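Undergrad: Pasting a structure below so you can have a look.
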Amino acid sequence: VVVATVAAIVLADHPAGHGVAAAWQATPIASPAAVGSNDVQIAARGLAAAQEGEVLYTTGGLARSLDGGATWEPAGPPPPPGRLVVAAGDPLLLLAGARPPCARGDPYPPLLHRSTDGGATWAPVAGTPGVEPLALWADTQLALGASCAGLLVSTDAGQTWPEQPAPLMEPGFDVSGFAVIIGTDPAAPAALVLGTSEGGTSQLWRLDLADPGQPAASEALTVFWGGGSLAGLASGQGERFVVGTANGVLISADGGATWALSRTGLEEVTLSVDPTQGPIPDAELQRGFGIPAVAIDPTRDGRLFAGTVDGLYVSLDGGGAWERVPGIDGIVSRIVVSPDAGQLLVETDRAVQTLPLAP
Amino acid sequence: MPLHEQTQVVGVGPRITRERFAQILSDRGSPAAMEATAGWQAITQHQVDPLFALAIFKQESQLGTQGVCAIHQTHSPGNTRTSRTGDGQVIATEFGPFVKYASWVQGWRDLAFRLVDPTYVYFQEGRTTIRPIIERWAPAWDPTAAGFDQPEGYIRNVVDFMNQFVTDDVVVVEPTGIGNVPLPAGIVNRLIPDFNNRCWDNLGQRTIKGVVYHRQLGSNWGTDGYFRSVPPGGSSACPEPGTQWVWGGCNGLTDYGVDHVTGEILQWNDPTGKAHPGISPNRSAWASGPVHNPYGDGLAFLEDHGWDRNVVNRDQVSIEISGLYENSISDACIESVAALSAYYADQFGIPWHVYPKVPGKSYNFTRWHQEFCDGIKPCPGTVVMERTGDIIDRTIEIMKEHQT
């Protein structure tokens, strides 16, 4: 087991400002199984994570946390390549797989792998080349995955998969983003799925997963240019969706019926132009742009996070304005909010960091 | 000059317009009338005269209104007993086994393809004129043709029918200037540097042997920006492929984009494989894969190259047309796509009067993305597929203009 240091940063309200994090306190902690810097990745949580506690894995040397990242334990050897998914309702049931570049002529995709012992051992799933797992529910045995053919549905917890996709997305759009909507009724989970065309047009759909045998998709909720990142939260006030795009953050507070684009404070990491109408300025191409990760804080109304090509940003007013969180640099690729542990976990291309959340 | 039994009907252009072809079927109450335009296209893509195919249809089943074709709704203008394309299923009938196709287009395509299939008797025996074809098609010994004057009566009826409806005899002006077709004017140089796109492989020298049509499901400039979008640090910083799909420069690339309204051509990659400043040589863009259940010209092209999947992106030009699948494409767009297609077909040495067929091969120079990945990609979608005949017609005109 390789022991590495993960920096913990205290996130607190600015005493005199507008509430954005400003008082920072880095607290190094030792993670018994996490490996160093660039090789660390946080797996997606299961849907039920918010209800039953925070189950997290890091890959590299596989490590597991059952308390939202407060403590870690070794879990096994490095898992198979690709995306790692943890089952909601069974922290030891895992899927790992990768989807190849779909337009390549001869991609030789790897098989999906499955583990029932928390990653100690893995078994290939026959007949599943190029299946990237997206989500898994132990109770209903529902699993979702993406292949070059589209969105795949397994009804036996990922043990078998159809070759043809479920007719949930519009043809011609590849699965390019996915997020479980946190806070939905565990008996009727829901998710957001993003599809992107060959020319970079993206469409967002909401998936109703109440009937594992017959998932249903909404009409397209929004259309935008380029890829994106997704987050969804259900509460007594309805469903709130957040989409990170090249031009800013799209926010819907009414389940996708209406949307507002928010870019204030994100000017240095997003595009100033509509790329569908003309060339992207060279300067913006060179510096990079995009929001590869977004998150909604279920513990504090209106607090949103945007993981960008250069650092983490936070909004305390539901996305009206954004401010950079000091101390987190590089491309943020994943954000996990762990309410029970009261902390945020941020994966970048440089490290994984934890930020205790101010109440 | 009237047509006769030695008139060539394979490896020639059409002697009947698609409109007249459709009108004849419609006027005679043929059940194939609904798919007439696509049927005409399916026949001509194999360089078979659609007037000859129509004459066979007339002789076999009175244009689908009589006999096994009508009784069992086989969608088979040729009343074929086997399938050469792989389409259709053999069914048992009171007349023996016959192929039943899912559509008339499939039936027309099989009728035409069997005449040019290099693994089949017509091609192998050089039967390209009316009499030799019919002598094989309807031999005297056919037990189900008892009472019919085969093949003499059959040949006579075919020739008579064709002379009744011929609208334009084939006049082939032999090309003398192959290699003279220019690239279309006004191509916007938007070659994407390696820094901004990692979606290519160096698979060796690119040699263009076909064009593949795509649909962007987006705008031409939007695709331009998408293909050059990369994280900070450039394409070398692209994440592994998968759901984190933020940057298009990490996911795909094609050679050209054509605006479906204005016809503006953007060039993103060089199909010749030539190096440019900041651009590596022989970039085979991740454009026309994945190879999955290929069919039609895609399948034939792969089979002809021993299933070497590298040919898909190395040996074909990829052309992305802007717009959604259901958006119409303008004449300007057709002109641009045809001009690009004509240039590369000419560079490959295809004479205008043979196009879109690749000489000596069973397949066409013009292909659709979906022909390499059936069931995965509907690309380029119905509108482009329906207008491919018009693109081919214009391509031939451009080639003829410069080759003769």
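Undergrad: Restricting to segment A:154-167, give me the number of residues that are modelled with pLDDT of 95 or more and surrounded by fewer than 20 Cβ atoms within 10 Å (Cβ to Cβ).
TA: Here the count works out to 4.
Undergrad: Just wondering, is there one or more residues in segment B:112-128 that are in a helix (DSSP H, G or I), surrounded by 13 or more Cβ atoms within 10 Å (Cβ to Cβ), among the small types (G, A, S) and under 23 Å from the mean Cα position of the chain (by Cα)?
TA: yes
Undergrad: Turning to a different aspect of this structure: Specify the residue that is surrounded by the most Cβ atoms within 10 Å (Cβ to Cβ); the eligible residues are those in segment B:289-311 that are within 10 Å of chain A (Cβ to nearest Cβ), aliphatic (A, V, I, L, M) and out of contact with any helix residue (DSSP H, G or I) (no Cβ under 6 Å at 6 or more places or on another chain).
TA: Taking the candidates together, the pick is B:V311.
Undergrad: For segment B:192-204, indicate whether the set of residues that are more than 9 Å from every other protein chain (Cβ to nearest Cβ), closer than 30 Å to A:G145 by Cβ and assigned to a loop (DSSP other than H, G, I, E, B) is non-empty.
TA: Checking segment B:192-204: at least one residue is more than 9 Å from every other protein chain (Cβ to nearest Cβ), closer than 30 Å to A:G145 by Cβ and assigned to a loop (DSSP other than H, G, I, E, B).
Undergrad: Right, next: Mind checking whether some residue in segment B:221-243 is assigned to a loop (DSSP other than H, G, I, E, B), touching a residue at least 12 places away in the same chain (Cβ under 8 Å), at the interface with another protein chain (Cβ under 9 Å from one of its Cβ atoms) and closer than 23 Å to B:Y343 by Cα?
TA: Kept after step one, since they are assigned to a loop (DSSP other than H, G, I, E, B), are these residues of segment B:221-243: B:228-234, B:238-243.
Narrowing further to those that are touching a residue at least 12 places away in the same chain (Cβ under 8 Å): B:228-231, B:234, B:238.
Cutting the leftovers down to at the interface with another protein chain (Cβ under 9 Å from one of its Cβ atoms) gives us B:228-231, B:234.
If we keep only those that are closer than 23 Å to B:Y343 by Cα too, we end up with none.
No, segment B:221-243 has no match at all.
Undergrad: Sticking with this structure for a sec: If a residue has to be on the phi > 0 side of the Ramachandran plot and modelled with pLDDT of 95 or more to count, how many in segment B:287-306 make the cut? Talk me through it step by step, then tell me what you get.
TA: At the first step, the residues of segment B:287-306 found to be on the phi > 0 side of the Ramachandran plot are B:293, B:296, B:306.
The next check asks that each one be modelled with pLDDT of 95 or more; those that pass are B:306.
Here the count works out to 1.
Undergrad: Do we have any residue at all in segment A:76-89 that's touching a residue at least 12 places away in the same chain (Cβ under 8 Å), surrounded by fewer than 23 Cβ atoms within 10 Å (Cβ to Cβ) and within 26 Å of A:G183 (Cα to Cα)?
TA: Scanning segment A:76-89 turns up at least one residue that is touching a residue at least 12 places away in the same chain (Cβ under 8 Å), surrounded by fewer than 23 Cβ atoms within 10 Å (Cβ to Cβ) and within 26 Å of A:G183 (Cα to Cα).
Undergrad: A follow-up question, please. Specify the residue that is surrounded by the fewest Cβ atoms within 10 Å (Cβ to Cβ); the eligible residues are those in segment B:368-395 that are under 19 Å from B:G13 (Cα atoms) and under 9 Å from the mean Cα position of the chain (by Cα).
TA: The qualifying residue surrounded by the fewest Cβ atoms within 10 Å (Cβ to Cβ) is B:G389.
Undergrad: Of everything in segment A:213-236, what is free of Cβ contacts under 8 Å to residues at least 12 places away in the same chain and closer than 12 Å to A:P298 by Cα? Give them in sequence order. Give the derivation first.
TA: First pass over segment A:213-236, keeping only residues free of Cβ contacts under 8 Å to residues at least 12 places away in the same chain: A:214, A:236.
The answer is A:G236, and nothing else.
Residue by residue, here is whether (1) surrounded by 23 or more Cβ atoms within 10 Å (Cβ to Cβ); (2) within 25 Å of A:C148 (Cα to Cα) holds:
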| position | (1), (2) |
| --- | --- |
| A:D185 | no, no |
| A:E198 | yes, yes |
| A:E219 | no, yes |
| A:V223 | no, yes |
| A:S235 | no, no |
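Undergrad: Another question, if that's okay. Can you tell me which residue in segment A:173-204 is nearest to B:Y325 (Cα to Cα), limited to those that are assigned to a loop (DSSP other than H, G, I, E, B), away from chain B (no Cβ under 14 Å) and without any contact (Cβ under 8 Å) to a residue 60 or more places away in the chain? It would help to see each step written out before you state the result.
TA: Narrowing segment A:173-204 to residues assigned to a loop (DSSP other than H, G, I, E, B): A:173, A:183-189, A:197-200.
After this cut, where a residue has to be away from chain B (no Cβ under 14 Å) as well, the list is A:183-189.
After this cut, where a residue has to be without any contact (Cβ under 8 Å) to a residue 60 or more places away in the chain as well, the list is A:185, A:187-188.
Details: A:D185: 37, A:A187: 38, A:A188: 34 Å.
Ranking the qualifying residues of segment A:173-204, first place goes to A:A188.
Undergrad: Please state which one of A:V125, A:V153, A:V86 is more than 20 Å from the chain's Cα centre (by Cα), farther than 19 Å from B:E240 by Cα and not small (G, A, S).
TA: Values: A:V153 fails: more than 20 Å from the chain's Cα centre (by Cα); A:V86 fails: more than 20 Å from the chain's Cα centre (by Cα).
Going through A:V125, A:V153, A:V86 in turn, the sole match is A:V125.
Here is a yes/no grid of residues against (1) farther than 30 Å from A:A166 by Cβ; (2) of a type outside the set (G, A, S):
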| position | (1), (2) |
| --- | --- |
| A:L209 | no, yes |
| A:A220 | no, no |
| A:V223 | no, yes |
| A:S229 | no, no |
| A:G236 | yes, no |
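Undergrad: Being more than 19 Å from B:G225 (Cβ to Cβ) and either within 14 Å of chain B (Cβ to nearest Cβ) or free of Cβ contacts under 8 Å to residues at least 24 places away in the same chain (or both) is the filter here, so list the residues in segment A:258-271 that pass it.
TA: Just the residues of segment A:258-271 that are more than 19 Å from B:G225 (Cβ to Cβ), to begin with: A:258-260, A:262, A:264-265.
Selection gives A:T258 alone.
Undergrad: Scan segment B:244-267 residue by residue and report those that are part of a loop (DSSP other than H, G, I, E, B) and surrounded by fewer than 24 Cβ atoms within 10 Å (Cβ to Cβ). Quick ask: steps written out before the conclusion?
TA: Step one: list which residues in segment B:244-267 are part of a loop (DSSP other than H, G, I, E, B), which gives B:244-247, B:251-255, B:259-264.
Correct list: B:Q244, B:D259, B:V261, B:T262, B:G263, B:E264.
Undergrad: Okay, next question. Before we move on, is B:R81 basic (K, R), assigned to a helix (DSSP H, G or I) and on the phi < 0 side of the Ramachandran plot?
TA: Working: basic (K, R): yes; assigned to a helix (DSSP H, G or I): no; on the phi < 0 side of the Ramachandran plot: yes.
Answer is no for this residue.
Undergrad: Does A:G177 satisfy the condition of being at negative phi and surrounded by 24 or more Cβ atoms within 10 Å (Cβ to Cβ)? Walk me through how you get there before you give the answer.
TA: On the way: at negative phi: yes; surrounded by 24 or more Cβ atoms within 10 Å (Cβ to Cβ): yes.
So A:G177 passes the test.
Undergrad: Tell me, which strands (runs of 3 or more DSSP E) lie completely within segment A:71-114 with 3 or more residues that are within 14 Å of chain B (Cβ to nearest Cβ)?
TA: Numbers: elements: A:73-76, A:83-87, A:90-97.
Per the criteria, A:83-87, A:90-97.
Undergrad: Hey, can you tell me all the residues within segment B:370-387 that are part of a helix (DSSP H, G or I) and out of contact with any helix residue (DSSP H, G or I) (no Cβ under 7 Å at 6 or more places or on another chain)?
TA: Start the filter on segment B:370-387 by keeping residues that are part of a helix (DSSP H, G or I), which leaves B:370-372, B:381-387.
Selection gives B:Q370, B:G381, B:T382, B:V383, B:V384, B:M385, B:E386.
Undergrad: Return the residues of segment A:266-292 that are more than 16 Å from A:R324 (Cβ to Cβ) and among the aliphatic types (A, V, I, L, M); say none if nothing qualifies.
TA: Of all residues in segment A:266-292, those more than 16 Å from A:R324 (Cβ to Cβ) come to A:271-286.
Matches in segment A:266-292: A:L271, A:V273, A:I280, A:A283, A:L285.
Undergrad: Can A:V249 be described as outside any loop (DSSP other than H, G, I, E, B), closer than 18 Å to A:L312 by Cβ and either within 14 Å of chain B (Cβ to nearest Cβ) or more than 22 Å from the chain's Cα centre (by Cα) (or both)? Working first, answer last.
TA: Numbers: outside any loop (DSSP other than H, G, I, E, B): yes; closer than 18 Å to A:L312 by Cβ: yes; either within 14 Å of chain B (Cβ to nearest Cβ) or more than 22 Å from the chain's Cα centre (by Cα) (or both): yes.
Yes: the conditions hold for A:V249.
Undergrad: Something else about it: Answer with yes or no whether A:V242 is modelled with pLDDT of 95 or more, within 14 Å of another protein chain (Cβ to nearest Cβ) and part of a strand (DSSP E or B). Outline the logic, then answer.
TA: Numbers: modelled with pLDDT of 95 or more: yes; within 14 Å of another protein chain (Cβ to nearest Cβ): no; part of a strand (DSSP E or B): yes.
Against the criterion (modelled with pLDDT of 95 or more, within 14 Å of another protein chain (Cβ to nearest Cβ) and part of a strand (DSSP E or B)), A:V242 does not qualify.
The values are calculated or read from the model by the stated rules, or taken from the named source; none is laboratory data. None of the values given here were measured: they were computed from a predicted structure. Heads up, the Cβs are rebuilt from the backbone with ideal geometry, glycines too, and the neighbour counts pull from every protein chain shown.
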